[in-house]
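The values are calculated or read from the model by the stated rules, or taken from the named source; none is laboratory data. Small disclaimer: the values here were computed from a predicted structure and weren't measured. For neighbour counting, all protein chains shown are included, and Cβ atoms are generated from backbone atoms with ideal geometry for every residue, glycine included. Protein only, heavy atoms only, side chains kept; ligands, DNA and RNA dropped before computing areas. Shrake-Rupley method; radii C 1.70, N 1.55, O 1.52, S 1.80 Å.
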Amino acid sequence: MDISNLWEKLEPKPCNLEAIQLDLKAGLVSNLPYFVIGNEELKKKLSDNISAIDSQFSFSYIVANYGNGKTNILRYLEYFFNEVFKERNVKVAYWRADVDKYDLILFLLYIIQIRFKKQLISAMQELSIDELDDAAIKYENSFGAIEEYVSCIKNNQGNADKLADLVDLGTGRKYTKGAYQKYSIPQLSDYNRREVLVFFLNVLAVSGNYIIFAIDELEKIHEKSKARFSSFLTSYRELIDLKGTIKGHCLLTAATDASGSTLASINPAFERRISSFKLSLEVM
């Protein structure tokens, strides 16, 4: 994907100018996601990842001290794709880390449920049977656990209401035994939702809908509980291990040095996986 003008200075929305001026007059730090100063190496690596968003899944773990611009970078990307260059068909889903949702895979399914359910249902209706099978990796290995679920989606492609129900079953929004019995399919476990996430992401990517998941403030989970943060990192590692099965999209996560500096002691397996994808912001 051509993103040659990424990181250029953007024009603020006219409706935001007065608020920016009032903040500056009061000596407050304004929300200014219109430019990113310095950090050329980090911007190049992010550009490389985002330019491949229509062909492979990529991820970056951004670490910096408080106030060094992590959120500004994520918000800049949100403004760039969601407001200025909507025609690129890339949507940035900016989300603060949730201390009560510390399984990253379930958290991404939650975001899809909230933000991209309509696009997902439309994509399910547009794709061919073969494309849906391919999105489920032809049910190889662990993907065999979702074959009946995907078959039910194929059998209901013409019914948007039933597809909405089935998406809810996939994300876990609906999870009772009765909800599954309605469609005569086996109940999905949270473990199976790894494969469901891959399937949903592939359906969106093949239909030309690309997402940059921008998850900010991971340190909040660490501050709440070291055990929860370790669990979050384990699910992050599992997602990295699924990278080769996902045909697009991008995951950007940001944390302060408070959590980033202790990765090896909290979750050494994750630290080994993420070491080459870890990006540090320069001190402003």
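Just name the residue that is nearest to Ala123 (Cα to Cα) out of those in the stretch 160-190 that are of a type in the set (D, E, K, R) and in contact (Cβ under 8 Å) with a residue 40 or more places away in the chain. Per the criteria, the residue is Asp168. Between Leu46, Leu120, Leu108, which is aliphatic (A, V, I, L, M), at pLDDT 90 or above and more than 30 Å from Asn159 (Cα to Cα)? From the options Leu46, Leu120, Leu108, the qualifying one is Leu46.
Among residues belonging to the stretch 171-198 that are closer than 12 Å to Ala145 by Cα and part of a helix (DSSP H, G or I), point out the one that is most open to solvent (accessible area, probe 1.4 Å). Of everything passing the filter in the stretch 171-198, Arg194 is most open to solvent (accessible area, probe 1.4 Å). Can you find a residue that is farther than 24 Å from Phe200 by Cβ and among the small types (Gly, Ala, Ser) anywhere in the stretch 40-54? Taking every residue of the stretch 40-54 in turn, at least one turns out to be farther than 24 Å from Phe200 by Cβ and among the small types (Gly, Ala, Ser).
Hey, could you check the stretch 14-43 for residues that are in a loop (DSSP other than H, G, I, E, B) and surrounded by 13 or more Cβ atoms within 10 Å (Cβ to Cβ) and say which is modelled with the lowest pLDDT?
Looking only at the stretch 14-43, we keep the residues that are in a loop (DSSP other than H, G, I, E, B), and these are 26-39.
Checking the rest, the ones that are also surrounded by 13 or more Cβ atoms within 10 Å (Cβ to Cβ) come to 30-34, 36, 39.
Working: Ser30: 53, Asn31: 62, Leu32: 61, Pro33: 75, Tyr34: 73, Val36: 81, Asn39: 84.
Taking the candidates together, the pick is Ser30.
Only one entry of Ser275, Ser265, Ser280 meets the criterion of being without any contact (Cβ under 8 Å) to a residue 24 or more places away in the chain and within 20 Å of Asn49 (Cα to Cα), and that entry is Ser275.
Filtering the stretch 53-68 to residues that are surrounded by 16 or more Cβ atoms within 10 Å (Cβ to Cβ) and of a type in the set (Gly, Ala, Ser) leaves Ser58, Ser60, Ala64.
So which helices (runs of 4 or more DSSP H) stay within the stretch 69-159 end to end and still have 1 or more residues that are open to solvent by less than 40 Å² (accessible area, probe 1.4 Å) and free of Cβ contacts under 8 Å to residues at least 40 places away in the same chain?
Values: elements: 70-79, 104-115, 117-126, 129-135, 147-155.
Once the helices (runs of 4 or more DSSP H) in the stretch 69-159 are filtered for at least 1 residues that are open to solvent by less than 40 Å² (accessible area, probe 1.4 Å) and free of Cβ contacts under 8 Å to residues at least 40 places away in the same chain, what remains is 129-135, 147-155.
Every residue in the stretch 53-68 that is in contact with a strand residue (DSSP E or B) (Cβ under 6 Å, 6 or more places away or on another chain), among the hydrophobic types (A, V, I, L, M, F, W, C) and either without any contact (Cβ under 8 Å) to a residue 24 or more places away in the chain or not in a strand (DSSP E or B) (or both), please. The answer is Ile53, and nothing else.
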